[in-house]
1. Looking at the range 5-42, which of its residues are assigned to a loop (DSSP other than H, G, I, E, B), surrounded by 16 or more Cβ atoms within 10 Å (Cβ to Cβ) and in contact (Cβ under 8 Å) with a residue 60 or more places away in the chain?
2. What is the number of the single condition among (1) in a loop (DSSP other than H, G, I, E, B); (2) buried (at least 20 other Cβ atoms within 10 Å of the Cβ) that residue 2 does not meet?
3. Could you say whether any residue in the range 149-171 is free of Cβ contacts under 8 Å to residues at least 60 places away in the same chain and either assigned to a strand (DSSP E or B) or under 19 Å from the mean Cα position of the chain (by Cα) (or both)?
4. When the range 214-241 is examined, which residues are found to be buried (at least 19 other Cβ atoms within 10 Å of the Cβ) and outside any helix (DSSP H, G or I)?
5. Quickly run through the range 43-58 and pick out the residues that are assigned to a loop (DSSP other than H, G, I, E, B) and surrounded by fewer than 18 Cβ atoms within 10 Å (Cβ to Cβ).
6. Between a residue in the range 188-201 that is part of a helix (DSSP H, G or I) and any residue that is surrounded by fewer than 18 Cβ atoms within 10 Å (Cβ to Cβ) and at pLDDT 95 or above, which pairs come within a Cβ distance under 7 Å, given they are 6 or more apart or on different chains?
7. In the range 65-145, which helices (runs of 4 or more DSSP H) lie fully inside it and hold 3 or more residues that are buried (at least 19 other Cβ atoms within 10 Å of the Cβ)?
8. Looking at the structure I just gave you, is residue 208 outside any helix (DSSP H, G or I) and surrounded by 15 or more Cβ atoms within 10 Å (Cβ to Cβ)?
């Protein structure tokens, strides 16, 4: 049986160091890899064993990193800018690619990380072999806003910030505020992924739970309709906003099939 190895590193970027973890089967050769973008409250550690399972299912290198201000990366000195989804490609991914000598890549993102995967795929169109979004938002609409409003109330309960602090340390309050205040800002009301989707040239697979608390099936349908390349939207039955935890085997199967099709 081929052994799976894992390595960790800190990669310098202009605003601070980024924590990066890589999984690789010993027999893997070649430069193509999968790069994972976490959600608004996420981190490398919160992916749990899912990146390792993707590496085993696809046979590719898998790289996940903590965005600036999250997990084990350096603190972010400011709140997120209105264009933070598109900015991730130039403020972080560019430096990770250079440091790890990444050429061809498949981009995998959960929730807002799915939007970042799309935007990065458009920014690095020649280097992107494919994009997979998981419970991604393609625009701002009522269910997104109401879901975040409910979460803001829930996080006022005792112990909730401490739960985030297990992953983000003293950055936990910043992480929560960055999510809530950015998405509820009036400046974000008209945000969409439309331009990035139209510039995307690689195939894209949009996975979405049929009971997602933060967006209906209109999101994967819009992703598939506007993408400028081969696109497929898959609605996962009896699934909410965390498909990689609720039905990991199905997400792994669809991911492996998509990667094989490339």
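1. Within the range 5-42, 15, 32, 38, 39, 40, 41, 42 meet the criteria.
2. Every listed condition holds for residue 2 apart from (2).
3. No, every residue in the range 149-171 fails to be free of Cβ contacts under 8 Å to residues at least 60 places away in the same chain and either assigned to a strand (DSSP E or B) or under 19 Å from the mean Cα position of the chain (by Cα) (or both).
4. The answer is 214, 215, 227, 231, 233, 236, 239, 241.
5. Initially, the range 43-58 is screened for residues assigned to a loop (DSSP other than H, G, I, E, B), giving 43-44, 48-49.
Residues satisfying the conditions are 48, 49.
6. Taking only residues 6 or more apart or on different chains, the pairs are 199/125.
7. Details: elements: 84-88, 94-100, 112-123.
Here the list reads 84-88, 112-123.
8. Numbers: outside any helix (DSSP H, G or I): yes; surrounded by 15 or more Cβ atoms within 10 Å (Cβ to Cβ): yes.
The answer is yes for residue 208.
The values are calculated or read from the model by the stated rules, or taken from the named source; none is laboratory data. Model, not experiment: these values are computed from the prediction. Here Cβ is always computed from backbone atoms with ideal geometry, including for glycine, and neighbour counts include all displayed protein chains.
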